[in-house]
Structure formats: structure tokens, C-alpha cells
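The values are calculated or read from the model by the stated rules, or taken from the named source; none is laboratory data. Predicted model, so just to flag it, every value in this text is computed and none were measured. All Cβ positions, even for glycine, are placed from backbone atoms using ideal geometry, and neighbour counts span all protein chains on display.
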């Protein structure tokens with residue numbers, strides 16, 4: 001290993017420049033990559049023919065307004081404590097946010113782990129604890145494992161509002177769409193730590209190179225170099241830049257728990273629409289932990305996105321955030337309109353913070 | 001949302017590990033990595049260990065974090081200045 005990271009970065013920039021033979025658009029699917037690319041200013045040093053576009057890679061951004069409204073309605077039910085990752089608090093539904101509901105007295109608690117939500121349930125036997133189940137494959141297994149623990153311990157006042165999203169089938173839908181143009185995928189490192197690399201093979205079979213990539217600046221530059229080299233050579237393979245955290249098989253125990261608890265279902269992605277097979281719903285053995293039946297609420301159908309908001313096109317890679325008419329004017333991190341500006345890992349928040357460099 | 005950080009397991013009891021994250025200790029649930037023992041390096045997410053890391057690689061990663069932080073701190077053009085609005089060709 002060359003000890004000087006600056007020299008390594010320069011060598012990678014040179015490798016990318018030498019490999020690039022035609023205009024190339026790479027999509028980073030993961031919001032953590034979007035933030036890292038902005039934080040390190042990588043875009044400003046890439047050759048002009050190479051575009052990095054942000055995908056639908058933030059579970060908070062793609063949670064439909066109706067799910068946010070359902071969570072709010074559940075939090076307002078007597079006897080319910082609603083536990084959520086903090087990322088969801090400020091996300092606007094069609095009718096307010098969880099932060100707003102909390103300010104009005106609804107029982108909303110922020111947790112860092114689903115295990116904390118389970119602990120809340122153990123400590124409040126007279127209440128029903130609803131955990132807002134958002135996340136990609138990185139997070140879903142942690143919630144599945146928590147549900148298995150709840151069942152084993154007989155904690156019967158813990159349930160989950162399923163808002164999960166699966167990444168590779170959504171990537172396949174993006175590639176199949178006639179409106180998107182993606183030459184290669186910077187694949188999400190920590191999703192892959194769980195699912196392994198095989199789920200990307202169908203994308204490579206459709207001619208789109210995939211490189212599982214880590215989150216340090218040098219990781220991302222190397223992942224980009226590997227993708228540009230594939231694009232220029234006219235090949236499409238699944239490669240693994242992040243082998244230190246991603247074994248080819250992923251984490252089979254975690255995926256076993258995931259499939260034990262949940263079955264695939266269709267899912268609505270905010271601003272994008274319903275994508276088949278991209279969600280998860282509890283299997284019959286875990287149906288008693290489905291918050292949708294445990295805490296039935298009526299939610300009026302909301303508009304999916306606020307008026308004028310282009311988050312849907314941003315998440316498809318069709319528009320860069322500054323191309324949205326609201327960006328930086330009506331919509332800022334302090335006063336967000338759309339979900340991509342609310343979430344700390346949303347593409348709009350990243351562009352607003354780092355200026356697209 | 002999918003952030004995960006490396007840490008080293010100090011102790012294990014009842015499927016819960018005490019893990020050292022560069023000096024800060026926290027408990028992690030080990031249900032997704034039941035076979036992993038004391039001394040192993042793991043990647044943590046949402047209160048769970050989600051993947052085991054090769055020790056050499058984990059330490060190299062931590063060293064890389066530090067080198068890059070030092071490099072950015074020394075650089076005349078830090079990340080904030082470099083990414084001022086309008087500064088990138090993509091903006």
C-alpha cells in the first residue's frame with residue numbers, strides 16, 4: 001500500500017482519465033456514497049465526460065407520504081408509543097411530519113436500534129410499541145432479528161410498520177425504464193455486506209457494469225476507475241472493490257432471518273411509483289407483529305410529493321438537484337419541501353451542502 | 001442511513017457484545033453473526049454487528065480514515081472551500 005493518500009488519489013484520478021473513452025454516466029445508488037462524494041469534493045476533479053448521478057439510495061427519501069401519514073396517525077392513537085430512527089422525524093407526509101405530531105403531544109421516541117424499541121416495549125407492558133421499519137437490506141435484517149427475539153421472549157406489545165425497500169430489484173427497474181441512461185452502478189457497500197454480490201448479476205447480464213464500492217474517498221475513486229475501465233472495454237461484470245467488508249456470499253445468517261420473517265411484496269417508492277418485488281411484508285407466522293393490523297388507522301390519501309417538488313426525477317437520475325425550480329429557493333435544509341432535502345443523505349441535501357463539487 | 005462503523009469485540013455474553021469503537025464502548029446485538037468470537041473486528045449498524053472484518057483490513061481502514069483526515073486538514077484547499085456552491089463543473 002502506498003502510504004501517501006494524496007499520491008494514491010492522484011494515481012486513481014489519472015487511471016480514470018486514461019480509461020475514459022466516451023461520455024459515461026455512473027449512478028451511485030447509495031445516499032452514503034452521495035454524501036461521501038460531496039464531502040470529499042470528488043466530482044470537481046473528475047473528467048468532464050464522466051457524470052455521477054444520484055439514485056434512489058436513501059430509504060427515508062423513498063418512503064411514500066402515505067406511510068409517513070400512517071406513522072403519524074399511529075403515534076396519535078391512545079396507548080401507542082411510536083419508535084423511529086431519527087432520520088424520519090422531519091420528513092413531510094401529506095399531512096405533517098412526525099416531529100410536528102410529537103410537538104403536539106404524540107408519543108414519538110427516537111431510537112438508534114430496533115433493539116431499543118423492543119426494550120421500550122418490555123418496559124411498557126400496557127402500551128403498544130410501533131417501530132417504523134424503514135431501511136434497505138442493510139437495516140431490514142436487524143429488524144427481522146429483533147422480531148424473532150420479540151417472538152422468542154413472548155413480548156406481545158411490539159410491532160413493526162413495514163416500509164422496507166429492496167435495492168437490486170429497484171436497480172433492475174431503473175435499467176428497464178426507457179427514460180434512464182445508466183452506464184454503470186456504484187453498488188452500495190453496506191447493502192452488499194448483507195446480500196453479497198450475486199444479486200447484481202442480472203444487471204451485469206443486461207449489460208450494466210456493477211462495482212460494489214466502499215465509502216472512503218479512495219474506495220470511491222477506485223470503484224469509479226473499475227467501472228470506467230469496464231465501460232470502455234465494452235464489458236459488464238460484477239466486481240467487488242470493498243472486499244474487506246463484503247464477502248461474495250454476504251451474510252447468510254442475516255439473510256436467512258430476513259427471509260424467515262418477511263416475504264417480498266410490491267412497494268411504492270416516493271416520487272417514482274410502485275416497483276414490483278421491491279418491498280417486504282411479514283410472513284403469516286409474524287403477522288401479529290404487523291402494525292398495520294395491530295393499530296388500524298384511517299389515512300386520507302395524500303399527494304405523494306409537495307407541489308413543484310422534483311424529487312422523483314432527482315431519484316431517477318433524470319435531474320440534478322440544482323435543476324429543480326425549488327432547489328435553494330423555496331426548498332433548503334432548514335425549510336425543506338421535498339424528502340431529498342430533508343434526509344441528511346438525500347441528493348438535494350448533499351448538493352446544497354457541498355455545491356455539487 | 002446505511003452507515004456502518006468498524007469496532008473490535010471486547011466481551012461477549014448472551015448474544016450481546018461489548019465493542020470498542022476507537023475508544024468509545026457500546027453494546028451490539030450479535031444475532032446476525034452468532035459464530036463470531038471475542039477479539040474479532042465487526043461492522044456495526046443499527047445496534048447490530050452485520051459483518052466481520054479482516055483485522056488487518058479493519059486496521060488499514062482506520063489508518064486510512066486518519067491519513068485522509070490529516071491530508072484534508074493539511075490541504076490548502078479543504079473540502080469546504082473546494083466544494084463552495086458553483087465550484088464544481090457538475091453544479
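Based on what the data block shows, is residue B:64 at pLDDT 80 or above, outside any strand (DSSP E or B) and either within 10 Å of another protein chain (Cβ to nearest Cβ) or surrounded by 14 or more Cβ atoms within 10 Å (Cβ to Cβ) (or both)?
Numbers: at pLDDT 80 or above: no; outside any strand (DSSP E or B): yes; either within 10 Å of another protein chain (Cβ to nearest Cβ) or surrounded by 14 or more Cβ atoms within 10 Å (Cβ to Cβ) (or both): yes.
In short, no.
Provide a single number: the residues in the range A:97-151 that are more than 17 Å from residue A:87 (Cβ to Cβ) and in a strand (DSSP E or B).
Here the count works out to 2.
Could you tell me which of the residues A:268, A:233, A:245 is over 17 Å from residue A:168 (Cβ atoms) and within 14 Å of chain B (Cβ to nearest Cβ)? If you could, list the steps in order and put the result at the bottom.
Details: A:268 fails: within 14 Å of chain B (Cβ to nearest Cβ); A:233 fails: within 14 Å of chain B (Cβ to nearest Cβ).
Testing whether each residue is over 17 Å from residue A:168 (Cβ atoms) and within 14 Å of chain B (Cβ to nearest Cβ) leaves just A:245.
Report the residue count in the range A:18-77 for those that are in a helix (DSSP H, G or I) and either more than 8 Å from every other protein chain (Cβ to nearest Cβ) or on the phi > 0 side of the Ramachandran plot (or both). Show your work before the answer.
Here is the first cut: in the range A:18-77, the ones in a helix (DSSP H, G or I) are A:18-19, A:31-39, A:43-45, A:65-75.
Remaining after also requiring either more than 8 Å from every other protein chain (Cβ to nearest Cβ) or on the phi > 0 side of the Ramachandran plot (or both): A:18-19, A:33-37, A:45, A:65-75.
Selection size over the range A:18-77: 19.
Just need a number here: residues in the range A:141-176 that are surrounded by fewer than 18 Cβ atoms within 10 Å (Cβ to Cβ) and within 19 Å of residue B:32 (Cβ to Cβ).
Within the range A:141-176, residues that are surrounded by fewer than 18 Cβ atoms within 10 Å (Cβ to Cβ) and within 19 Å of residue B:32 (Cβ to Cβ) number 5.
Consider residue A:138 carefully, then state whether it is within 14 Å of chain B (Cβ to nearest Cβ), without any contact (Cβ under 8 Å) to a residue 60 or more places away in the chain, crowded, with 23+ Cβ neighbours inside 10 Å and in contact with a strand residue (DSSP E or B) (Cβ under 7 Å, 6 or more places away or on another chain).
On the way: within 14 Å of chain B (Cβ to nearest Cβ): yes; without any contact (Cβ under 8 Å) to a residue 60 or more places away in the chain: yes; crowded, with 23+ Cβ neighbours inside 10 Å: yes; in contact with a strand residue (DSSP E or B) (Cβ under 7 Å, 6 or more places away or on another chain): yes.
So residue A:138 passes the test.
So which residues in the range A:253-265 are more than 10 Å from chain B (Cβ to nearest Cβ), farther than 30 Å from residue A:181 by Cα and surrounded by fewer than 22 Cβ atoms within 10 Å (Cβ to Cβ)? It would help to see each step written out before you state the result.
Initially, the range A:253-265 is screened for residues more than 10 Å from chain B (Cβ to nearest Cβ), giving A:259-265.
Applying the additional criterion that residues be farther than 30 Å from residue A:181 by Cα yields A:259-263.
Scanning the range A:253-265 gives A:259, A:260, A:263.
Kindly provide the set of residues from the range B:18-36 that are part of a strand (DSSP E or B) and more than 29 Å from residue A:89 (Cβ to Cβ), ordered by number. Outline the logic, then answer.
Filtering the range B:18-36 for residues part of a strand (DSSP E or B) gives B:18-21, B:24-29.
If the condition is that a residue be part of a strand (DSSP E or B) and more than 29 Å from residue A:89 (Cβ to Cβ), then B:18, B:20 are the ones that fit.
From the residues in the range A:302-330 that are more than 14 Å from every other protein chain (Cβ to nearest Cβ) and more than 21 Å from the chain's Cα centre (by Cα), which one is surrounded by the most Cβ atoms within 10 Å (Cβ to Cβ)?
Out of the qualifying residues, it is A:326.
Which residues, counting only those in the range A:152-205, are over 27 Å from residue A:271 (Cβ atoms), within 14 Å of chain B (Cβ to nearest Cβ) and out of contact with any strand residue (DSSP E or B) (no Cβ under 7 Å at 6 or more places or on another chain)?
A:152, A:153, A:196
Counting only residues that are surrounded by fewer than 18 Cβ atoms within 10 Å (Cβ to Cβ) and touching a strand residue (DSSP E or B) at 6+ places or on another chain (Cβ under 7 Å), which one in the range A:103-115 is nearest to the other protein chains (Cβ to nearest Cβ)?
From the range A:103-115, those surrounded by fewer than 18 Cβ atoms within 10 Å (Cβ to Cβ) are A:103-105, A:109-110, A:112; that's our starting set.
Still in the running and touching a strand residue (DSSP E or B) at 6+ places or on another chain (Cβ under 7 Å): A:109-110.
Numbers: A:109: 15, A:110: 13 Å.
Among those that are surrounded by fewer than 18 Cβ atoms within 10 Å (Cβ to Cβ) and touching a strand residue (DSSP E or B) at 6+ places or on another chain (Cβ under 7 Å), it is A:110.
Counting just the residues of the range A:206-219 that are in a loop (DSSP other than H, G, I, E, B) and more than 9 Å from every other protein chain (Cβ to nearest Cβ), which one comes out surrounded by the most Cβ atoms within 10 Å (Cβ to Cβ)?
Looking only at the range A:206-219, we keep the residues that are in a loop (DSSP other than H, G, I, E, B), and these are A:206-209, A:214-216.
Next cut, more than 9 Å from every other protein chain (Cβ to nearest Cβ) only: A:206-209.
On the way: A:206: 12, A:207: 11, A:208: 23, A:209: 26.
Here the residue is A:209.
Which one of these does residue A:92 not meet: (1) away from chain B (no Cβ under 14 Å); (2) outside any loop (DSSP other than H, G, I, E, B); (3) under 24 Å from residue A:166 (Cα atoms)?
(2)
Can you give me the number of residues within the range A:233-259 that are over 16 Å from residue A:145 (Cα atoms) and either at pLDDT 95 or above or in contact with a helix residue (DSSP H, G or I) (Cβ under 6 Å, 6 or more places away or on another chain) (or both)? Let's see the steps before the verdict.
At the first step, the residues of the range A:233-259 found to be over 16 Å from residue A:145 (Cα atoms) are A:233-250.
From what's left, either at pLDDT 95 or above or in contact with a helix residue (DSSP H, G or I) (Cβ under 6 Å, 6 or more places away or on another chain) (or both): A:233-242, A:244-250.
Going through the range A:233-259 one residue at a time, the tally reaches 17.
Does residue A:273 satisfy the criteria of being under 19 Å from residue A:59 (Cβ atoms) and in contact with a strand residue (DSSP E or B) (Cβ under 8 Å, 6 or more places away or on another chain)? Spell out the reasoning first.
On the way: under 19 Å from residue A:59 (Cβ atoms): yes; in contact with a strand residue (DSSP E or B) (Cβ under 8 Å, 6 or more places away or on another chain): no.
Taking the combined requirement at face value, the residue does not satisfy it.
Within the range B:2-33, restricting attention to residues that are under 14 Å from the mean Cα position of the chain (by Cα) and at positive phi, which residue is nearest to the other protein chains (Cβ to nearest Cβ)?
B:22
Is it the case that the range A:323-341 has a residue that's at pLDDT below 90, more than 26 Å from residue A:141 (Cα to Cα) and part of a helix (DSSP H, G or I)?
no
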